[in-house]
Amino acid sequence: MIRINLMLLLAVLASALYLVNVQYESRRLYTELDRARAESRRLETDKERLQVEKRAQATPARVERLAKLRLQMRTTTPAITHYMGDVPGALPMVAGGMP
Amino acid sequence: MSRSIAYTSSPLLASRTPVWRSKLIVAAIALAFLGLAGRAVYIQVIANDFFQKQGEVRFARTLALPANRGRVLDRNGLILASSIPAPSIWAIPEDVERDKVRLTQLAKLLDMPLSELNKRLENEDKSFVWLKRQVDESVGQEIAALRLKGVYQRKEYKRQYPEGEAAAHVVGFTNVEDIGQEGIELAFNKELGGRSGSRRVIKDRLGRVVEDVGEQIAPVDGQDLQLSVDSKVQFVAYQKLREAVLLHKAKAGSVVVLDAITGEVLALANYPSYVPDKRQSLTGAQLRNRAITDTFEPGSVMKPFTVGLALEMGRITPLSLIDTGTGRLTITGSTISDTHANGVLTAEGVIQKSSNVGTAKLAMQMQPREMWELFSQAGFGQKPKISFPGAVSGKLRPYKTWRPIEQATMSYGYGLSASLFQMARSYTVFSHDGQLIPATMLKSAEPAVGVTVLSPRTAGQIRKMLQMAAGPGGTGQKAQTIGYSVGGKSGTAYKQIGKGYGSAGNRKYRGWFVGMAPIEQPRVIVAVMIDEPSAGQYYGGAVAAPVFSEVVQQTLRMMGVQPDMAVVPQIVAKAEEESL
């Protein structure tokens, strides 16, 4: 009888210790998960911020300024545009230069 | 001699202790244990709420899960407004370390003089003071790196507007609390703003989250909003408007670009404008969305409606002759005059030459009710159903109160008022085969369903007249573009100064132009208004029409519309051999 009781006591102790360990492990993993989630949120907002920055670099105002000043480009008009017909082989609607 | 007591022989020891005394002690101790046990049961079982709550306060935290405000996009999905993280810096004054070197660094990072920073930290009674709200994230990181005691950061979001002043009046802005204050940000505040959520967690000694408790309320992000505005068209419109306002030394100006098929607003710009990110020295004049909130007498822009009504009712044909005589007409004591004597004009000529007398003569053949009905059907005196704050209805008095002279002046646009936006929209009647279509700020794919105001035939005839008005011999010749046929009507008015219109030499003007292109199958309607041009020229045909021309030219090109007129090609064919 005593033997069984002792064994049961040992089993209870072992399981109790294991429980403590599992609890600890679960909290550690949860912390890690939470940190990963926070990181993902941070990257998400970073992405958003970079997108806005990229867009700010490509606004029509900036593009036009650079095109005009740095690349010496000018605005097109129909007079210097050669329009191609939709149908293959069709004549262009507006007379232009050499195709 | 000393007296001593021999304790061992104390007489007290000799007497026997009564048993009840030890029993009393045992009973008292037992009672005390019982009391403790009772208290323990009370605390742990019966009334454990209080202590559990206290415990929770020490390790459980409710974390807010902020929702992102939706983005505002243009019709091609380009960002017009988006939120980015921007930490706000705050401090507990009495906790702040008075470290001169690091405080100087902090002041530099916050972009404020050290004295200003010290002033904010002076008030030690306060336990909270904002040092600066919404700094750049990189600055926030540098401040964190200073590791200054008593200085903290709060995570906040800031709105960023890449298009800047060009789209300021359309997009509007939010305040520091991320709530819309103007423009689309205000009109769609509810849709854009999300609902923040929360979660309850248990944190350990090091502040790490170790467990979730209870239910988590997920944040609902705001919806992205796709506008009908095209940022490229918007930019061109703003740029050309600004150039014109500066060239003519005008006070202000507005431009509206509508898609003639879908009723979408492609651009809506005003000058002066402002940069939505930097609003420190904002004035009312800059903030004003004139295209929508300012009304004025539409003037000659109304003439096509009067002529259209006469055509519709079969009173005239486009070639009917109308005698405008010497350009003067007297109705019940008041005289209407034209700028030139035009003699006998066709109905087309009345529009082309913009004859007040001719239009008034047509109006005299109509009932006030008929004119009023047409004007209201075209949206005058009605608040435009547009999701935008501050849209005004303009003024159109009920026809029963019209006197004959008023009916005559109203036929050519005086005695009623409308915003530039209303005028642009009213011209969809001509561009959309006689239907007035609803205007929208949001992107829509299908063609708009309108309300029939005039017959398609009349609308076509009026389009031809508008083309003549913008062509040789018309008042709006400067509206011409290369490659695209245009049609439109210019308007000019004295501005009211006090009670009158000012004396000669002291007059203030307003010039505007409303038109469409290509004229056979209009794709865009463009309306331009220049307020108080003061560099010599002031006619709508001279100050506003050139802006119309440039905006139409660029807009149609960007929309990929093929020119409908022959152009003299200027392409220099350079036959250079490609190197292989």
Inset, instruction - Please work out the Cα center distance from region B:40-88 to region A:6-81, rounded to the nearest Å. - result: 19 Å
Legend entry - For the protein assembly as shown, the spread of Cα positions along each principal axis, largest first, Å: 155, 79, 61
Legend entry - Gyration tensor (alpha-carbon) shape descriptor, region B:208-276, a/c threshold 1.5: prolate
Inset, instruction - Beyond 26 Å between alpha-carbons counts as too far, so tell me which of B:232/B:353; B:443/B:489; B:353/B:478 fall in that bin. - result: B:232/B:353; B:443/B:489
Inset, instruction - Please work out the Kirkwood hydrodynamic radius for chain B, using every pair of different C-alpha atoms, and report it in angstroms with one decimal place. - result: 29.3 Å
Legend entry - Ordering of B:459-468, B:534-543 by burial proxy (mean other Cβ atoms within 10 Å per residue, highest first): B:459-468, B:534-543
Inset, instruction - Sorted from largest down, give the three principal axis spans of the alpha carbons of region B:77-164, whole angstrom values. - result: 49, 24, 20
Inset, instruction - Enumerate by residue number the trypsin sites (Lys or Arg not before Pro) in region B:375-457 meeting two conditions: DSSP loop (anything except H, G, I, E, B), and at most 16 other Cβ atoms within 10 Å of the site's Cβ. - result: B:385
Inset, instruction - Per DSSP H run of at least 4 residues, take -39500 (n - 2.57); add these up for the protein assembly as shown, divide by its residues and hand me the 222 nm value, nearest 500 deg cm²/dmol. - result: -11500 deg cm²/dmol
Inset, instruction - Specify the inter-centroid distance of region B:366-416 and region B:145-214, based on alpha-carbon positions, in whole Å. - result: 45 Å
Legend entry - 19 Å cut-off, amide nitrogen to a point 7 angstrom out along residue B:364 Cα→Cβ, residues in region B:381-405: B:402-405
Inset, instruction - In Å and from the alpha-carbon atoms only, list the Rg and Dmax of region B:231-559. - result: 18.5, 60
Legend entry - Taking A:1, A:73, B:371 and counting other C-beta atoms within 10 Å, the order from fewest to most: A:1, A:73, B:371
Inset, instruction - Provide Rg and Dmax in Å for region B:85-127, with only Cα atoms included in the calculation. - result: 10.5, 30
Inset, instruction - Taking the Cα centre of chain B as origin, work out the dipole magnitude from +1 charges on Lys and Arg Cβ and -1 charges on Asp and Glu Cβ, in debye rounded to 20. - result: 2120 debye
Legend entry - Rounded if a/c under 1.5, otherwise prolate or oblate - region B:63-226, Cα gyration tensor axes: oblate
Legend entry - Likely footprinting exposure, B:104, B:409, B:283, A:81, fewest C-beta neighbours within 10 Å first: B:283, B:104, A:81, B:409
Inset, instruction - Wrap a convex hull around the Cα atoms of region A:2-74, take a quarter of its surface area, and give that in square nanometres. - result: 6.7 nm²
Legend entry - Estimated D of region B:413-547 in µm² per second, where Rh is the Kirkwood radius over Cα pairs and Stokes-Einstein applies at 25 °C, 0.890 mPa s: 155 µm²/s
Legend entry - Prolate/oblate/rounded call for region B:335-483, Cα gyration tensor, a/c under 1.5 rounded: oblate
Inset, instruction - Just rank B:369, B:288, fewest to most, by other beta-carbon atoms within 10 angstrom. - result: B:369, B:288
Inset, instruction - Only Lys, Arg, Asp and Glu count, each charged at its Cβ (+1, +1, -1, -1), so figure out the dipole size of the protein assembly as shown about its Cα centre, rounded to 20 debye. - result: 2220 debye
Inset, instruction - Return, for the Cα atoms of region B:273-367, the radius of gyration and Dmax in Å, separated by a comma. - result: 19.7, 60
Inset, instruction - Putting +1 on Lys and Arg Cβ atoms and -1 on Asp and Glu Cβ atoms, find which of A:69, A:43, A:5 reaches farthest to the positive end of the dipole of region A:2-74. - result: A:69
Inset, instruction - Can you list which of the chymotrypsin sites (Phe, Trp or Tyr not before Pro) found in region B:432-502 are DSSP loop residues with at most 10 other C-beta atoms within 10 Å? - result: none
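Laboratory data are not the source of any read-out in this text; all were calculated from the coordinates shown. As the structure is a prediction and not an experimental result, all values here were calculated from the model. Here the Cβ is made from the backbone with ideal geometry for all residues, glycine too, and neighbour counts use every protein chain on show.
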